[in-house]
Amino acid sequence: MAESPAFLSAQEEGSFAYLTIKDRTPQILTKVIDTLHRHKSEFFEKHGEEGVEAEKKAISLLSKLRNELQTDKPIIPLVDKCVDADIWNQYLEYQRSLLNEGDGEPRWFFSPWLFVECYMYRRIHEAIIQSPPIQDFDVFKESKDKNFFESQESIDALCTHLKQLRPAKDLSENELKDECFRLLQISLWGNKCDLSLSGGESSSQRTSVMDSLEGLKPFILINDSEALWALLNGCKKTAKTPAVRVDIVLDNSGFELVTDLVLADFLLSFELATEIHFHGKTIPWFVSDVTVRDFSWTIEHVKSSNQKSTATCGADWENHVKMGRWIYHDHLFWTLPHPYCAMPQVAPDLYAELQKACLVIFKGDLNYRKLMSDRKWAFTTPFRQALSGFHPAPLCSIRTLKAELQVGLQPGQAEQLSASDPHWLTTGKYGIFQFDGPLPT
Ligand code: F6P
Ligand code: MG
């Protein structure tokens, strides 16, 4: 078998990885420090002087981290006592073992981008948990909530749409399929709203994405939604148990999460699935990624909306959770730096869990990078090949492009795109539904 291509890394000046490490990540760190500063009086009110001391400590740890990053210092082991710290430190050792003589130590601008970028978010977490009593403070919570509130009109429009759908029995199969495609596209474009690309600045959905779907179609570079539909529609008949389970590996909180919940509600209400399992992060991650707190907060806020359809959606969703039709999981694997092909070895319990699904949907750019091991695959590499054996169940990536990585394109397609739009890979303007169906038996 041919050797796998190299990992993306910030070594290449001018690459998106390079610009991320050079500009975007220090900006994110500065914003985190600023957020802590702004909460100083809140920490004081809650914890007295101890709270203020904790804020100072966290800021000094984060300033040190920013300095290490900007001066391309060696990556150092984690020192906290969290359950995943050993796994991280072993991974750092592994990165060390991959280096050639003369390469020195793993470093920010030299090591694989996926590793160092994940490491930065893990170090932010370390700075906070080492600063009790503010160890539970989510430094990104404020921006996540802001994204939700700023998208309120789009959220209302989407919930109204969902509530106005005719019941399943009144829809022909084609109408059901069209609706499924519409909600899939909304969930796709919802992924434009992540906050790490904008350095944590506002990236909400202010216009109704529903009215723009037709115009956005040419920007879907790979559209396997027919195959996805065939699978969903066939799941009921082929499922080994009466349950038809769809898993959604979530990405961002705010508008994107609402689009995912609307899709999940539709799959249940229109009997394409009987249970939806959501997977989120155990710690604040890549600015806007969903944690259990964001998940519950979102349902609660949708439920308490003044707008009737929105509030009804929120109440339905709360009920789905209560009745066990919606199940939220988190697993520390999602915030490790490993590519997903390592899941069977690193997190066999999670792999076994995903194997129970009829379909696993992976939302967003970071999930795509991890599915593809963040390697510089040729643009025409088949999706299955780049998955490097990862196949817990049929799976689909729903992602807008925000990293210099894409497989499964037609010959010449990437060249054409580069000629018309040199930044097509990184602005989130293009999207994909890329599906890997059942393995041949
Ligand atoms: O910064 C790395 C990156 O993968 C970007 O390419 C993207 O902006 C962001 O992180 C995460 O995007 P998403 O929220 O879609 O996973
Ligand atoms: Mg994200």
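Bear in mind that the values in this text are calculations on the coordinates, not laboratory data. All values reported here derive from a predicted model rather than from experimental measurement. Backbone-built Cβ (ideal geometry, glycine too); neighbour counts: all protein chains shown.
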Worksheet entry | Mean Cβ count within 10 Å, highest first, over the residues of peptides 217-223, 413-419 | 217-223, 413-419
Worksheet entry | For peptides 2-10, 263-271, sequence by mean Cβ density within 10 Å, most packed first | 263-271, 2-10
Worksheet, complete the sentence: Listed by chain and number, the lysines with an alpha carbon less than 16 angstrom from that of LYS237, same-chain partners under 8 positions apart left out, are LYS356
Item to complete: From zero up to wherever the largest Cα-Cα distance of the chain sits, split into 20 Å bins and tell me the percent of pairs in each.
Response: 25, 59, 16, 0
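State whether segment 283-324 is rounded, prolate or oblate according to the following rule on the C-alpha gyration tensor (a ≥ b ≥ c being the square roots of its eigenvalues): a/c under 1.5 gives rounded; otherwise a/b larger than b/c gives prolate, and the remaining case gives oblate. Kindly include the intermediate steps, with their values, before the conclusion.
On the way: a/c = 3.68, a/b = 1.63, b/c = 2.26.
Oblate, since a/c reaches 1.5 and b/c is not below a/b.
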Worksheet item: What is the gain in length, in nm to one decimal, between ARG38 and CYS82 on full extension, counting 0.36 nm per residue of separation less the C-alpha to C-alpha distance?
Response: 13.1 nm
Worksheet item: Looking at this model, which pairs from LYS144/LYS303; LYS177/LYS402; LYS363/LYS429 are more than 25 angstrom apart at the alpha-carbon?
Response: LYS177/LYS402
Response to the item:
So for R0 = 45 Å, FRET eff. of GLU105-ALA168 from the Cβ-Cβ r, to 0.05, ends up at 0.15
Discussion item. Give me the extension gain from HIS47 to GLU175: residue separation times 0.36 nm, minus the current Cα-Cα distance, reported in nm with one decimal.
Written reply: 40.4 nm
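At 222 nm, what value in deg cm²/dmol follows for the chain if DSSP H runs of at least 4 each add -39500 (n - 2.57) and the sum is divided by all its residues, to the nearest 500?
Details: 19 runs with 209 residues, N = 441.
Mean residue ellipticity at 222 nm (helix-derived): -14500 deg cm²/dmol.
Tell me the Kirkwood hydrodynamic radius of segment 342-395 in angstroms, computed as one over the mean inverse distance between distinct C-alpha pairs. Please report the intermediate quantities before stating the final value.
Working: mean 1/r = 0.0839 Å⁻¹.
Computed over segment 342-395, the radius equals 11.9 Å.
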Item to complete: Quick one: which residues, 5+ away or cross-chain, put their amide H under 5 Å from the amide H of ILE248? H built at 1.01 Å from N.
Response: HIS277, PHE278, HIS279, ILE361
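So, R0 is 22 Å and r is the distance between the beta-carbons of LEU19 and ASP72; what FRET efficiency does that work out to, to 0.05?
Working: r = 15 Å, r/R0 = 0.67.
Efficiency at R0 = 22 Å is approximately 0.90.
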Worksheet item: Under 5 Å between amide H atoms, partner at least 5 residues away or on a different chain: which partners does ILE220 have, H built in plane at 1.01 Å?
Response: GLY431
Discussion item. Students often forget the sequence filter, so: which aspartates and glutamates lie under 16 Å Cα-Cα from LYS370 once same-chain residues fewer than 8 apart are removed?
Written reply: GLU117, ASP251, ASP289, GLU404, ASP436
Discussion item. Per 0.36 nm of contour for each residue apart, how much would the distance between GLN410 and ASN319 grow if the chain were fully extended, relative to their Cα-Cα spacing?
Written reply: 28.3 nm
Worksheet item: What is the calculated FRET efficiency for GLN90 to THR160, with r their C-beta to C-beta distance and R₀ = 41 Å, to the nearest 0.05?
Response: 0.25
Item to complete: Mind ranking 48-58, 402-412 by how tightly packed they are, going by the mean number of other C-beta atoms within 10 angstrom, highest first?
Response: 402-412, 48-58
Worksheet item: Can you list the residues, at least 5 places off or on another chain, whose amide H is less than 5 Å from the amide H of THR291, using H built in the peptide plane?
Response: LYS281
Item to complete: List, in order, the whole-Hz ³J(HN,Hα) value for each residue of segment 420-427 obtained from phi through the Karplus relation with A = 6.51, B = -1.76, C = 1.60 and θ = phi - 60°; use x for Gly and Pro.
Response: 8, 8, x, 9, 4, 7, 10, 9
Worksheet item: Put a dot 7 Å past each Cα toward the Cβ at THR427 and LYS237; how far apart are the dots in nm?
Response: 4.4 nm
Worksheet item: Taking other Cβ within 10 Å of each residue's Cβ, how do ILE276, ILE76 sort, fewest first?
Response: ILE76, ILE276
